[in-house]
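Please treat every number below as a calculation from the coordinates, not as lab data. Everything numeric in this text was worked out from a predicted model, so none of it was measured. For neighbour counting, all protein chains shown are included, and Cβ atoms are generated from backbone atoms with ideal geometry for every residue, glycine included.
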Amino acid sequence: MHPFELHKAASAGDAAALIVGKADGKYLAGGQSLIAAMKLRLNAPSDLIDLAAASDLKGIKSDGKTVTIGAMTTHADVAASADVQKAIPALAALAGDIGDRQIRNVGTIGGALANNDPAADYPAAVLGLGATVHTNKRAIHADEFFRGMYETALESGELITAVSFPVPQRAAYLKFKNPASRFAIIGVLAAQTPAGARVAVTGGGSGVFRVADMERALAANWSAAAITHVKVPASGLSSDLHGSAEYRAHLVGVLAQRAVAAAA
């Protein structure tokens, strides 16, 4: 690990001020990905802005139409939240199946989204539910937030403060997970939202993506049968020791049908 300076932020505003002028500075949320990369010398920030004490970045609010989750809220807290379980049970279930117990008790929703691992679960929830990512500068809709492998719309020094999820009529998330890391080899979130049907896939390639053909079919008929004929092309999907692109394409169809049935 390369040397760095550690700064402790007391609030979101304090964090944004501390990172000014630090060209290689990074925010430290749960650290489950960043610290591991630093230990391997794959990432070498000059400064870390620790967000652990920023209480204004934590917490969950629900008004019946929207669930808003602070960026520093842990996966375990999302999974255990009665508000989330009532309003969007698919989101609570997704959070409860991330990694292992240690990761769920330390990792945060904001950190996961800023990192945007192509096999992570939260990007599927955010894109599939049509959520909005709030930062200290603006609000970014899910369709504009994800830009590819580990790439997002976040600008230098921009800090995620919260994520707001519109409550769907129905939703479910299913994944075929790597038994070691528990990342998604393929994960699919299917939802009937106020804005229409949405299907988001993680683990397939360079980042989370929507399946427009499935969404059109589900808009006309919300049933697993409605998407049995929709095939996701293998081109553009990943091939590795865990599965070929063709296998992943097949999994998208299978898991999407199961997610639709579970949501119904």
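Distance from a point 7 Å along Cα→Cβ of Glu5 to each backbone N in the stretch 20-49: keep the residues under 17 Å and list them by number.
Within reach of a label on Glu5: 20-28, 44-49.
Per DSSP H run of n ≥ 4, the term is -39500 (n - 2.57); total these for the chain, divide by its residue number, and report the mean residue ellipticity at 222 nm rounded to 500 deg cm²/dmol.
So the calculated ellipticity at 222 nm is -8500 deg cm²/dmol.
For the stretch 1-110, state what percent of all Cα-Cα pairs lands in each successive 5 Å bin, counting from 0 Å until the bin that includes the largest distance.
Answer for the stretch 1-110: a P(r) of 2, 12, 20, 19, 17, 14, 9, 5, 2, 0 percent.
Starting from the Cα of Ser206, step 7 Å along the direction of its Cβ; do the same at Ala52; then give the gap between the two resulting points in nm.
The answer from the label model is 3.7 nm.
So what's the Cα pair-distance distribution over the stretch 170-263, bin width 5 Å, in %?
3, 15, 28, 26, 16, 9, 3, 1
Tell me the net charge near Arg198. Cut-off is 13 Å between Cβ atoms, Arg198 excluded, with +1 for each Lys or Arg and -1 for each Asp or Glu.
Summing Lys/Arg as +1 and Asp/Glu as -1 gives 0.
Could you work out the local net charge near Gly128, counting Lys and Arg as +1, Asp and Glu as -1, over the other residues with Cβ closer than 14 Å to its Cβ?
Local charge sum for Gly128: +1.
What is the gain in length, in nm to one decimal, between Ala261 and Glu246 on full extension, counting 0.36 nm per residue of separation less the C-alpha to C-alpha distance?
Stretched out fully, the Ala261 to Glu246 stretch lengthens by 3.1 nm.
How large is the Kirkwood hydrodynamic radius of the stretch 1-53, counting all unique pairs of alpha carbons, in Å?
11.1 Å
Counting other C-beta atoms within 10 Å, and keeping those with at most 12, which DSSP coil trypsin sites (Lys or Arg not before Pro) do you find in the stretch 84-168?
Answer by residue number: Arg138.
Treating cross-link reach as a plain straight distance, find the aspartates and glutamates whose alpha-carbon is under 14 Å from the alpha-carbon of Lys65, omitting any fewer than eight places away in the same chain.
Correct list for Lys65: Asp83.
Hey, with R₀ at 25 Å, roughly what FRET efficiency would Asn105 and Ser239 work out to, going by the Cβ-Cβ distance, to 0.05?
0.15
With no solvent and one point on each alpha carbon, what is the Debye value of log10 I(q)/I(0) for the chain at q = 0.12, 0.13, 0.17 Å⁻¹?
-0.69, -0.80, -1.32
How high is the relative contact order of the stretch 127-264, in percent, counting Cα pairs under 8 Å that sit 6 or more residues apart?
Result for the stretch 127-264 is 23 percent.
Explain nothing, just the number: relative contact order of the chain, from Cα pairs under 8 Å at least 6 residues apart, as a whole percent.
15 percent
If Lys and Arg each add +1 and Asp and Glu each add -1, what is the summed charge of the other residues whose beta carbon sits under 15 Å from the beta carbon of Ile186?
Charge balance near Ile186 sits at +2.
About the Cα centre of the chain, how large is the charge dipole given +1 on each Lys and Arg Cβ and -1 on each Asp and Glu Cβ? Please answer in debye to the nearest 20.
Value, rounded to 20: 540 debye.
Between the stretch 12-35 and the stretch 185-257, how far is it from one alpha carbon centroid to the other, in angstrom?
Comparing the Cα centres of the stretch 12-35 and the stretch 185-257, I get a distance of 34 Å.
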